[in-house]
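Step one of this worksheet: look at the structure below.
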Amino acid sequence: MTQSLPRGVRNRNPGNIDHSPANNWVGQIGKEPGGRFVIFDTPENGIRALGKLLQTYYNKHKLRTVKDIIKRWAPEVENDTGAYIRTVAKRCGLGPSDQIANIKDPKILGGLVQAIIKHENANFEYPPAIFAEGLRRALA
């Protein structure tokens with residue numbers, strides 16, 4: 001991959017998930033040199049991790065709206081969280097405070113994952129087959 005691609009794409013970590021010694025993601029092969037983000041072996045496993053983390057936010061932390069999820073995903077100390085919330089909600093066809101009934105719904109989880117990937121990676125989109133496989137792994 002070339003340096004011109006967004007960091008999340010180069011690291012096959014399209015959610016820009018921070019490296020943590022407590023996590024051992026499927027396909028995790030390290031941490032970026034001098035950085036803080038996980039590197040995955042394939043984009044499918046990076047997409048999987050993003051989807052799994054969103055499910056943890058929903059199930060363990062009881063975050064049920066785009067607003068609540070993105071406030072945790074992209075803290076205000078590092079991001080324009082308000083803009084991030086509005087962008088993700090719009091791309092998902094949801095209002096920022098709409099209740100998410102079922103995070104395991106492929107349309108809902110897929111919409112959130114896709115919107116976060118685009119926001120984190122300058123509107124980058126994976127080919128449909130790669131995205132679908134990553135989402136399938138997240139839902140397995």
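The values are calculated or read from the model by the stated rules, or taken from the named source; none is laboratory data. Since this is a predicted model, take the numbers as computed values, not measurements. Because the Cβ atoms are built from the backbone with ideal geometry, glycine has one as well, and the counts that use them run over all protein chains shown.
Say we look at region 96-115 and pick out the residues that are assigned to a loop (DSSP other than H, G, I, E, B) and among the aliphatic types (A, V, I, L, M); which of these is nearest to L135 (Cα to Cα)?
So, considering only residues that are assigned to a loop (DSSP other than H, G, I, E, B) and among the aliphatic types (A, V, I, L, M), the one nearest to L135 (Cα to Cα) is I103.
Mind checking whether some residue in region 111-134 is over 30 Å from G30 (Cβ atoms) and among the polar types (S, T, N, Q)?
Scanning region 111-134, I find no residue that is over 30 Å from G30 (Cβ atoms) and among the polar types (S, T, N, Q), so the answer is no.
Kindly list, by first and then second residue, each pair from a residue in region 112-140 that is over 21 Å from K67 (Cβ atoms) to a residue that is of a type in the set (A, V, I, L, M, F, W, C) and not in a loop (DSSP other than H, G, I, E, B), limited to pairs with Cβ atoms under 6 Å and residues at least 6 apart or on different chains.
Partner pairs satisfying both residue conditions: N121/V9; F124/V9; G134/I47.
Which one of R86, R91, R72 is in a helix (DSSP H, G or I), surrounded by fewer than 18 Cβ atoms within 10 Å (Cβ to Cβ) and modelled with pLDDT under 95?
R91
Does I130 meet the test of being at pLDDT 95 or above, in a helix (DSSP H, G or I) and either surrounded by fewer than 19 Cβ atoms within 10 Å (Cβ to Cβ) or more than 14 Å from the chain's Cα centre (by Cα) (or both)?
Against the criterion (at pLDDT 95 or above, in a helix (DSSP H, G or I) and either surrounded by fewer than 19 Cβ atoms within 10 Å (Cβ to Cβ) or more than 14 Å from the chain's Cα centre (by Cα) (or both)), I130 qualifies.
Are any of the residues in region 43-59 assigned to a loop (DSSP other than H, G, I, E, B) and out of contact with any Leu (no Cβ under 7 Å at 6 or more places or on another chain)?
No, because not a single residue in region 43-59 is assigned to a loop (DSSP other than H, G, I, E, B) and out of contact with any Leu (no Cβ under 7 Å at 6 or more places or on another chain).
So which residues in region 23-42 are surrounded by 13 or more Cβ atoms within 10 Å (Cβ to Cβ) and either touching a Leu at 6+ places or on another chain (Cβ under 7 Å) or not in a loop (DSSP other than H, G, I, E, B) (or both), if there are any at all?
Across region 23-42, the qualifying residues are Q28, I29, K31, F37, V38, I39, F40.
Tell me yes or no: at least one residue of region 56-68 is of a type in the set (A, V, I, L, M) and either in contact (Cβ under 8 Å) with a residue 60 or more places away in the chain or surrounded by fewer than 16 Cβ atoms within 10 Å (Cβ to Cβ) (or both). Break it down into steps so the answer makes sense when it comes.
Initially, region 56-68 is screened for residues of a type in the set (A, V, I, L, M), giving 63, 66.
Cutting the leftovers down to either in contact (Cβ under 8 Å) with a residue 60 or more places away in the chain or surrounded by fewer than 16 Cβ atoms within 10 Å (Cβ to Cβ) (or both) gives us none.
No: region 56-68 contains no residue that is of a type in the set (A, V, I, L, M) and either in contact (Cβ under 8 Å) with a residue 60 or more places away in the chain or surrounded by fewer than 16 Cβ atoms within 10 Å (Cβ to Cβ) (or both).
Just one of the numbered conditions (1) part of a loop (DSSP other than H, G, I, E, B); (2) farther than 28 Å from S4 by Cα; (3) among the aliphatic types (A, V, I, L, M) is not true of A122; which one?
Answer for A122: the failing condition is (2).
Taking the condition of being without any contact (Cβ under 8 Å) to a residue 40 or more places away in the chain and either assigned to a loop (DSSP other than H, G, I, E, B) or of a type in the set (S, T, Y) (or both), how many residues in region 3-22 meet it?
Total meeting the criteria: 10.
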